[in-house]
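S.K.: One structure coming up, written as structure tokens, with questions to follow.
The values are calculated or read from the model by the stated rules, or taken from the named source; none is laboratory data. Everything quoted here is computed from the prediction, not taken from an experiment. When we count neighbours, we look across all protein chains shown, and the Cβ atoms used for this are built from the backbone with ideal geometry, even at glycine. Ligands, DNA and RNA are stripped out before the accessible areas are found, and what is left, the full protein with its side chains, is counted by its heavy atoms. Shrake-Rupley method; radii C 1.70, N 1.55, O 1.52, S 1.80 Å.
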Amino acid sequence: MFGDVAAVKNVSFTVNDGELMALLGPSGGGKTTVLRMIAGLEVPTSGDILIRGQRVNDLSVQKRNIGFVFQNYALFKNMTVFKNIAFGLKIKKWKKADIEARVFELLKLFGLDGLEKRYPHQLSGGQRQRVAIARALASKPSVLLLDEPFGAVDAKIRQELREWLVKLHHDLNVTTIFVTHDQEEALEVSNRIVIFSEGDLEQIGTPREVYEQPANEFVARFIGVMNVLDAEVQGGVARVNELQFPAHDVADGTKLRIGFRPYAVQISTDLSLYPYRATLRHTFFLGIMLRLEFELESGLILRSRMTKEEYAQLGLEEGREVSLQIRNYRVLAAETAALGPEKELSYQPPPTIGENI
Amino acid sequence: MAGYVSKNIRDATSKSQRGTEESPLVKWTLVALSGTFLAVFLLIPLANVFVQALEKGWDLYVSALKEPDTVSAIKLTVIVAAITVPLNTLFGVCAAWAVAKFEFRGKSLLITLIDLPFSVSPVVAGLIYVVMFGLQGYFGRWLDDHDIKIIFAVPGIVLATIFVTFPFVARELIPVMQATGREQEEAALTLGAGGLKTFWYVTLPSVKWGLLYGVILCNARAMGEFGAVSVVSGHIAGVTNTMPLHVEKLYNEYQGQAAFAVASLLALLALVTLGVKTLLEWKQSREFARAQQNVESMMNK
Amino acid sequence: MAAKRFNPLPGFNLTMGYTIFYLSVIVLIPIGGLFLRVFDMTWADFWRLATTERALAAYKLTFGASLIAALVNAVFGTVTAWVLVRYEFPGKRFFDAMVDFPFALPTAVAGLTLSNLFAQNGWLGKFLVPLGIQGAFTRLGVVLALTFIGLPFVVRTLQPVLENFEREVEEAAATLGAGRLRTFLSVVAPTLLPAIITGFALSFARAIGEYGSVIFIAGNKPYYSEIAPLLIVVRLEEYDYTGAMALAVVLLVFSFALLITINLLERWASHYEKK
């Protein structure tokens, strides 16, 4: 649809040479717009885009030397695989022999040998995608841009394609930026992730960084499952029901939003080992991992996860009483108490729990 | 490691598609080219009809329309349309039901045959009925013996009109009926509805705009047909002249203003037809959008 | 397997029966009747009647003018479809609706107003006739009338194709370095071509049979501006039924050939789309 206006605000990031970077965010979060701006398919009203230190804002899409792979591939239906891949080379006036050599090199590299005379409608989904990537890479672009590269294939071959992309990137070492809404995909494939929401940049970091140290609640909730609780500081301790988190040097009455991953919840059947008592309410089987829901004595629900083996070792079952502790957590947001009269300490509204997105 | 690609964008609002859009010069040249073409072939001729019709004033315009021959031409045109349109509508509904809801061999041949009258010259359409029912024709002698007049009489005009407007309703209805599928009807049958009830309460409401569209197109062509009718009519003023034929007669008699007066009524009919068509398309697309919204909101739940 | 063939909906026999009956009575039997009468003639008679000098002149004019009109419509229809789908400009909706006007306007009215417009004292003739462009009562008039009646075909066949054309394909060409013209020629045009040709053929087919609009503007001089359908009418008025039928059969055979061509074209047009 044209005529749509996508707004992207305050986005600033740098992609390093040879990097495989993911732009991650919910649909409509502006990540595709950013990708299209890098390509020159859309024009920012303010701000700069630099490639190799050169400002390319005024460079037309034709001259940017980028390779772009569209979500639905956008292959030229009226051309064979060969002609699709050769298209950019012809425009750049390569010699006929060079074009042929390059195309066959790519066909071989991409496992498309023998398909050069086929038309796009005679290819499978995976083959079409590989042709699209080969076409984008043919004239050796300085950056490869992929818009939701795994969106249009079914779950079964998606895994294969991910591994293939990682290998391809490793082999060619071309700087690559891809857009995805799938956090698992971003974590698995990329070196670094840029997380967007509503046109805002939320965090940049390696998969490990954004997972273990989410910059804010949005990132925390978007990447993986997280327990998120609202706590209030009293005497250097942030409290949520019976849970206590050290908060030295934080003013009384400050409200904190605290988050921790399921694996940070440590469980023991020895009721005296850890400070809090809880009951196992539900067990969900997720393949080799299990997701567990514990109910604290105050009724607060926490999520944890462990492997089947750990579960068996502990001899857990639904209804079993355990003790637990929270190994590490992050403060996702802090809000100083209002200026008004000191409020009587009261119980918070029912605490919220991280939802899997 | 040097910054390779770096992006720094503030409040960027973007909608332009530089590099995939023509320059304004090219764009406006094309718009002007097409605008001129449409103006010369559509707007100016249309305006000309009304200006010429009213050139000598409203009174003359009205009196031209009150001529007894003109009045009888209008009457005949309405009668012909009133017979033709229901017959072709009935056929269109039957054909669409059979083609859209059932699978059978030779379906595409049947569709081609239904479309056939579109590719036959109107003059030939008239001629085939002359060959059938004219004095020299297959049934000419027999009809003459029994004193039945078809050619150079109203029945011939009706037959020729039916022929040229034959595909309109069927052609509009078949794709719409195919698109709605069979599930709704099958659901109605499982709920105990009979065939006619199912058609009336389930099929018809979902294809009503397509049907109406076909009917108004059929009507416009039925009232405006010239060539086929011209061959079978015999041009007897006041008896077998329809409005388009009457336009020709007045034109040949150098009664330009009167010819344009009658023509203006037909042009008005065309404008109303276009208006209704646009309205129907708008309604249809709105209903389609609403249906999509419903589906989307259901998926989001 | 048995369940697959079963269709619980009622009314097939009734509707199918009526469809075939009505189709036969109105279309098939009368057309068959014409052919039967022509088959009664000897081949030599038929050939003599169908290829008189006057008839040959009429075919030439009919086919030539139809071809020119269809070409004009192919060019301007493509531009118009492009403009209506791709650009925003004031009056766009109005123009879009007006494209169907030639379908809705009775041909007699079209002929009447066009002949008046291009006549010496008409709105357009006033400027054109002094330039030596005689629109009324000439062969040019035939082309003008046929252009009018064939105008919607190319626009309406091309519009949906253009609307469904993925913008990404053009963007892909741009990212590969292709300029606008190059993109249009090597990527867009080949995809549109089948639709343009189909529209052209439809417009051509319609023009071949057209009668009403042409006879008002052509002047109808034998050997000069007399179209083939008109010659059929002339023969009928001379009570030369066999002559009329021979000409009609020539036109019919040509129309059928075009119909088949158009069907093949439509199949060709969807050939890149199949999965």
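S.K.: Say whether the condition of being surrounded by 18 or more Cβ atoms within 10 Å (Cβ to Cβ) and at the interface with chain B (Cβ under 10 Å from one of its Cβ atoms) is met by at least one residue in the stretch C:124-135.
M.R.: Scanning the stretch C:124-135 turns up at least one residue that is surrounded by 18 or more Cβ atoms within 10 Å (Cβ to Cβ) and at the interface with chain B (Cβ under 10 Å from one of its Cβ atoms).
S.K.: Follow-up. Go through the residues of the stretch A:26-44 one by one and say whether even a single one is part of a strand (DSSP E or B), in contact (Cβ under 8 Å) with a residue 24 or more places away in the chain and at the interface with chain B (Cβ under 10 Å from one of its Cβ atoms).
M.R.: Scanning the stretch A:26-44 turns up no residue that is part of a strand (DSSP E or B), in contact (Cβ under 8 Å) with a residue 24 or more places away in the chain and at the interface with chain B (Cβ under 10 Å from one of its Cβ atoms).
S.K.: Additional query: Out of the stretch B:179-204, which residues are over 17 Å from B:Ala100 (Cα atoms) and not hydrophobic (A, V, I, L, M, F, W, C)?
M.R.: B:Thr190, B:Gly192, B:Gly194, B:Lys197, B:Tyr201
S.K.: Can you tell me which condition A:Met21 does not meet? The list is (1) more than 14 Å from chain B (Cβ to nearest Cβ); (2) within 27 Å of A:Ala186 (Cα to Cα); (3) open to solvent by less than 10 Å² (accessible area, probe 1.4 Å), and all the others hold.
M.R.: The failed condition is (1).
S.K.: Of everything in the stretch C:106-123, what is free of Cβ contacts under 8 Å to residues at least 60 places away in the same chain and open to solvent by 10 Å² or more (accessible area, probe 1.4 Å)? Give them in sequence order. It would help to see each step written out before you state the result.
M.R.: Step one: list which residues in the stretch C:106-123 are free of Cβ contacts under 8 Å to residues at least 60 places away in the same chain, which gives C:109, C:113, C:116-117, C:119-123.
Within the stretch C:106-123, C:Asn116, C:Ala119, C:Gln120, C:Asn121, C:Trp123 qualify.
S.K.: Still on this structure, I have one more. Would you pick out the residues in the stretch A:24-55 that are under 27 Å from A:Leu187 (Cβ atoms) and of a type in the set (Ser, Thr, Tyr)?
M.R.: Answer for the stretch A:24-55, where residues must be under 27 Å from A:Leu187 (Cβ atoms) and of a type in the set (Ser, Thr, Tyr): A:Ser27, A:Thr32, A:Thr33.
S.K.: List the pairs whose first member sits in the stretch C:140-152 and is free of Cβ contacts under 8 Å to residues at least 40 places away in the same chain, whose second member is surrounded by fewer than 24 Cβ atoms within 10 Å (Cβ to Cβ), and whose Cβ atoms are under 7 Å apart, counting only residues at least 6 apart or on separate chains?
M.R.: C:Leu140/C:Gln134
S.K.: With the stretch A:139-208 as the region, which strands (runs of 3 or more DSSP E) entirely inside it contain at least 1 residues that are among the acidic types (Asp, Glu) and away from every other protein chain (no Cβ under 12 Å)? Can you show your working first?
M.R.: On the way: elements: A:143-147, A:175-180, A:192-197, A:200-205.
Here the list reads A:200-205.
S.K.: Now for a separate question. Taking the stretch A:215-267 as the region of interest, how many residues are among the β-branched types (Val, Ile, Thr) and part of a loop (DSSP other than H, G, I, E, B)? Break it down into steps so the answer makes sense when it comes.
M.R.: Looking only at the stretch A:215-267, we keep the residues that are among the β-branched types (Val, Ile, Thr), and these are A:219, A:223, A:225, A:228, A:233, A:237, A:240, A:250, A:254, A:258, A:265, A:267.
From the residues that got through so far, the ones that are part of a loop (DSSP other than H, G, I, E, B) too are A:223, A:225, A:250, A:254.
Residues that pass the stated criteria total 4.
S.K.: Does C:Glu237 satisfy the criteria of being charged (D, E, K, R) and either open to solvent by less than 60 Å² (accessible area, probe 1.4 Å) or more than 11 Å from chain B (Cβ to nearest Cβ) (or both)?
M.R.: no
S.K.: Under 6 Å between Cβ atoms, at least 6 apart or on separate chains: pull out the pairs that start in the stretch C:82-104 with a residue that is within 7 Å of chain B (Cβ to nearest Cβ) and end on any residue that is surrounded by fewer than 17 Cβ atoms within 10 Å (Cβ to Cβ) and of a type in the set (Ser, Thr, Tyr).
M.R.: From residues that are within 7 Å of chain B (Cβ to nearest Cβ), the pairs are C:Ala97/B:Thr278.
S.K.: Output the residues belonging to the stretch B:97-108 that are within 9 Å of another protein chain (Cβ to nearest Cβ) and either under 12 Å from B:Val215 (Cβ atoms) or open to solvent by 10 Å² or more (accessible area, probe 1.4 Å) (or both). So that I can check it myself, show each step before the final result.
M.R.: So the first thing to find is which residues in the stretch B:97-108 are within 9 Å of another protein chain (Cβ to nearest Cβ), and the list is B:97-99, B:101-104, B:108.
Across the stretch B:97-108, the qualifying residues are B:Trp97, B:Phe102, B:Glu103, B:Phe104, B:Ser108.
S.K.: While we're here: Scan the stretch B:164-182 and give yes if some residue there is surrounded by 18 or more Cβ atoms within 10 Å (Cβ to Cβ), touching a Gly at 6+ places or on another chain (Cβ under 6 Å), over 27 Å from C:Ile227 (Cα atoms) and within 10 Å of chain C (Cβ to nearest Cβ), otherwise no.
M.R.: Yes, the stretch B:164-182 contains at least one residue that is surrounded by 18 or more Cβ atoms within 10 Å (Cβ to Cβ), touching a Gly at 6+ places or on another chain (Cβ under 6 Å), over 27 Å from C:Ile227 (Cα atoms) and within 10 Å of chain C (Cβ to nearest Cβ).
S.K.: Of everything in the stretch A:45-73, what is facing another protein chain (nearest Cβ under 7 Å), in a strand (DSSP E or B) and open to solvent by 50 Å² or more (accessible area, probe 1.4 Å)? Give them in sequence order.
M.R.: A:Asp48, A:Leu50 - these are the residues of the stretch A:45-73 that are facing another protein chain (nearest Cβ under 7 Å), in a strand (DSSP E or B) and open to solvent by 50 Å² or more (accessible area, probe 1.4 Å).
S.K.: Where in the stretch C:167-212 are there helices (runs of 4 or more DSSP H), lying fully within it, with 2 or more residues that are within 30 Å of C:Leu231 (Cα to Cα), at the interface with chain B (Cβ under 9 Å from one of its Cβ atoms) and open to solvent by 10 Å² or more (accessible area, probe 1.4 Å)? Spell out the reasoning first.
M.R.: On the way: elements: C:167-175, C:180-183, C:189-209.
Answer list for the stretch C:167-212: C:189-209.
S.K.: Would you list the helices (runs of 4 or more DSSP H) that sit entirely within the stretch B:14-96 and hold 2 or more residues that are more than 30 Å from C:Gly179 (Cβ to Cβ) and open to solvent by less than 20 Å² (accessible area, probe 1.4 Å)? Spell out how you get there, then give the answer.
M.R.: Details: elements: B:24-38, B:44-53, B:58-66.
Fully inside the stretch B:14-96 and qualifying: B:44-53.
S.K.: With respect to the numbered conditions (1) at pLDDT 95 or above; (2) away from every other protein chain (no Cβ under 11 Å), which one is the sole condition not fulfilled by B:Pro244?
M.R.: (2)
S.K.: Would you kindly identify the helices (runs of 4 or more DSSP H) lying entirely within the stretch B:182-273 that contain at least 2 residues that are without any contact (Cβ under 8 Å) to a residue 40 or more places away in the chain? Quick ask: steps written out before the conclusion?
M.R.: Details: elements: B:183-190, B:195-198, B:204-224, B:227-233, B:243-252.
So the answer is B:183-190, B:195-198, B:204-224, B:243-252.
S.K.: Name, by its number, the condition in (1) more than 23 Å from A:Phe70 (Cβ to Cβ); (2) buried (at least 16 other Cβ atoms within 10 Å of the Cβ); (3) touching a Lys or Arg at 6+ places or on another chain (Cβ under 6 Å); (4) among the β-branched types (Val, Ile, Thr) that does not hold for A:Val228.
M.R.: Condition (3) is where A:Val228 drops out.
S.K.: Still on this structure, I have one more. Look at A:Val210 and say whether it is buried (at least 17 other Cβ atoms within 10 Å of the Cβ), in contact (Cβ under 8 Å) with a residue 40 or more places away in the chain, under 30 Å from A:Ile51 (Cβ atoms) and hydrophobic (A, V, I, L, M, F, W, C).
M.R.: Answer is no for this residue.
S.K.: Please go through the stretch C:81-125 and pick out each residue that is of a type in the set (S, T, N, Q) and under 16 Å from B:Leu46 (Cα atoms). Outline the logic, then answer.
M.R.: Residues of the stretch C:81-125 that are of a type in the set (S, T, N, Q), as a first pass: C:107, C:113, C:115-116, C:120-121.
If the condition is that a residue be of a type in the set (S, T, N, Q) and under 16 Å from B:Leu46 (Cα atoms), then C:Thr107, C:Thr113, C:Ser115, C:Asn116 are the ones that fit.
S.K.: Kindly provide the set of residues from the stretch B:247-268 that are within 24 Å of the chain's Cα centre (by Cα) and either under 20 Å from B:Ile128 (Cα atoms) or more than 8 Å from chain C (Cβ to nearest Cβ) (or both), ordered by number.
M.R.: Step one: list which residues in the stretch B:247-268 are within 24 Å of the chain's Cα centre (by Cα), which gives B:247-248, B:259-268.
Hits for the stretch B:247-268 are B:Ala261, B:Val262, B:Ser264, B:Leu265, B:Leu268.
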